[in-house]
Amino acid sequence: MPEPSSDERRVFPRRASDIQATLSHEDRSMEGVVENIGEGGVFFATETLEFLLDHGAQVSVKFNCLRAGVTEAHKLPGTILRTERYFDGTKVVRAFAVKFDDLFDLEGVALI
């Protein structure tokens, strides 16, 4: 039987986004963008190519969003599921799929 694609394994739907964010691991951090987000995690991309993280690394993702017109700051712990390096059309970026430790409620959230 063929293995399901990664989209078929995804438990929660994702929303496209362009959220400025910070990914941290231990005492290091890098700036980047959350390209998509779901209740279970994010896909974070950065131009910081030298920041290498292995599958299973514990990280936190810090970003802001709007809920009911109020800005909320979030710092969510999670685990690296996979990393990618690709050319986005203008530059090479490194990206990280992060699974949150706990679900993030997206109901009523406007991504900023």
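In the stretch 66-102, of all residues being acidic (Asp, Glu) and either surrounded by 11 or more Cβ atoms within 10 Å (Cβ to Cβ) or more than 14 Å from the chain's Cα centre (by Cα) (or both), the one that is nearest to residue 20 (Cα to Cα) corresponds to 72. Counting residues in the stretch 74-90 that are more than 21 Å from residue 40 (Cβ to Cβ) and of a type in the set (S, T, N, Q) gives one or more.
Residues in the stretch 38-50 that are surrounded by 15 or more Cβ atoms within 10 Å (Cβ to Cβ) and of a type in the set (A, V, I, L, M, F, W, C) were compared, and the one that is farthest from residue 89 (Cα to Cα) is 42. So for the stretch 36-46 (the condition being more than 24 Å from residue 109 (Cβ to Cβ) and of a type in the set (Phe, Trp, Tyr)), does at least one residue qualify? So far as the stretch 36-46 goes, no, none of its residues is more than 24 Å from residue 109 (Cβ to Cβ) and of a type in the set (Phe, Trp, Tyr). In the set (1) in a loop (DSSP other than H, G, I, E, B); (2) in contact (Cβ under 8 Å) with a residue 40 or more places away in the chain; (3) loosely packed, with under 13 Cβ neighbours inside 10 Å, the condition left unmet by residue 110 is number (1).
Considered as a group, the residues in the stretch 5-30 that are over 14 Å from residue 111 (Cα atoms) and surrounded by 13 or more Cβ atoms within 10 Å (Cβ to Cβ) include one that is modelled with the lowest pLDDT, and that residue is 10.
Among strands (runs of 3 or more DSSP E) entirely within the stretch 6-106, having at least 1 residues that are in contact with a Pro (Cβ under 9 Å, 6 or more places away or on another chain) singles out 28-38, 58-67, 92-100.
The values are calculated or read from the model by the stated rules, or taken from the named source; none is laboratory data. On a predicted model such as this, the values are computed, not experimentally measured, just so you know. All Cβ positions, glycine included, derive from the backbone under ideal geometry; neighbour counts span all protein chains shown.
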